[in-house]
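A short reminder: the numbers here are calculations on the coordinates, not readings from a lab. Fair warning: this is a prediction, and the values are worked out from it, not measured in the lab. Virtual Cβ from ideal backbone geometry, glycine too; neighbours counted across all protein chains shown.
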Amino acid sequence: MANYKLFCLEKVTSTQDVAREMVANGNAGNNCVVIANAQSAGRGRYNRKWVSHHGNLYASFIYGCDEPDARIAYSVAVAVAETLMSFGISPQIKWPNDVLVDGKKISGILIEYYNDYVIVGVGINIESKPTVPEYKTIKMSEFVEVSVDAVFSKLLYNMKKWRFEKFPLVREHWLKLAIGLNKLVKYRGVQHELVGINDNGALILRRDSKYYLVYGDEISM
Ligand code: BTN
């Protein structure tokens, strides 16, 4: 499977935590992937809980990485979006890497750095859609009957493909799927125009005649 080393587990606290422990103990490194059937303490961005019942995909990809790189978020979002498209689902991406269908979240991506590695957590709602206060959710089974294994196999392929693409191509694909491009979005409570993404992966926002570069935050539509 694309030179990955897979660790398939039943129930864990969080695949992110397991991946981190394995890296710390020297039991995992570049191209290792931890996947579990369920998580008791799945985590999202901003310390949010990621409710993780059986039937959905929970995976953490470990890649060697010298320093934080904002561009990783885009290649992972495009890989997840392309995985959904391969099952006939039409996703959109909300900056930086929330993948939505019909405006509802179907996948979440959590990027954490640990020692010389980046641990990329991907959750995809397949059979269940947790109810959360912050946003609406949706699941793949509302569109298609598909197994976790089938989704995971496509994801492994797409993660490898997009990880090694040049950033301008990743950005081009990301922008095609982006929600809110050239429209007004709210950043820290203030309306800005979403202009694009720069070469380093920063979001470019414009307010009046001033341009702002934003890294790893949240915007709302
Ligand atoms: C988000 O949208 O807030 C990110 C959610 C990321 C969830 C995935 S599921 C696999 C991995 N393990 C975790 O505990 N979190 C990530």
Query raised in the report: Between the range 28-88 and the range 91-131, what is the C-alpha centre distance in whole Å?
Result: 6 Å
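Can you divide the C-alpha Rg of the range 52-142 by 2.2 N^0.38 Å and report the result to two decimal places?
Its radius of gyration relative to the 2.2 N^0.38 Å reference: 1.09.
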Query raised in the report: Taking neighbour Cβ counts within 10 Å as the exposure measure, how do Phe87, Phe164 sort from fewest upward?
Result: Phe164, Phe87
**Report entry** Cα centre as origin, Lys/Arg/Asp/Glu Cβ charges: the range 1-136 dipole, Debye
**Finding:** 460 debye
**Report entry** Sparsely packed chymotrypsin sites (Phe, Trp or Tyr not before Pro) within the range 174-221, loop by DSSP, other Cβ within 10 Å at most 16
**Finding:** Tyr215
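Can you compute the helix-only [θ] at 222 nm over the chain? Use -39500 (n - 2.57) per DSSP H run of at least 4 residues, normalise by all residues, nearest 500 deg cm²/dmol.
-7500 deg cm²/dmol
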Report task. Name the residue, out of Ile106, Ile179, Ile93, whose mean-square fluctuation peaks in a Gaussian network model built on the chain with Cα pairs under 10 Å. Result -> Ile179
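Can you check what the Kirkwood hydrodynamic radius comes to for the range 1-153, Cα pairs only, in Å to one decimal?
Values: mean 1/r = 0.0647 Å⁻¹.
Roughly 15.5 Å, rounded to one decimal.
What do you get for trypsin sites (Lys or Arg not before Pro) in the range 143-203 restricted to DSSP loop and a cutoff of at most 12 other Cβ within 10 Å of the site's Cβ? Before the final figure, lay out the partial values.
On the way: sites: Lys154, Lys160, Lys161, Arg163, Lys166, Arg171, Lys176, Lys183, Lys186, Arg188; in loops: Lys166, Lys183, Arg188.
For trypsin sites (Lys or Arg not before Pro) across the range 143-203 that sit outside H, G, I, E and B with at most 12 neighbouring Cβ atoms in 10 Å, the list reads Lys166, Lys183, Arg188.
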**Report entry** Distance violations [Cα-Cα > 19 Å] among Lys5/Lys105; Lys186/Lys210; Lys94/Lys166; Lys5/Lys161; Lys105/Lys139
**Finding:** Lys5/Lys105; Lys94/Lys166
**Report entry** Sites matching GluC sites (Glu not before Pro) across the range 122-221 that sit in DSSP coil, with at most 13 neighbouring C-beta atoms within 10 Å
**Finding:** Glu134, Glu145
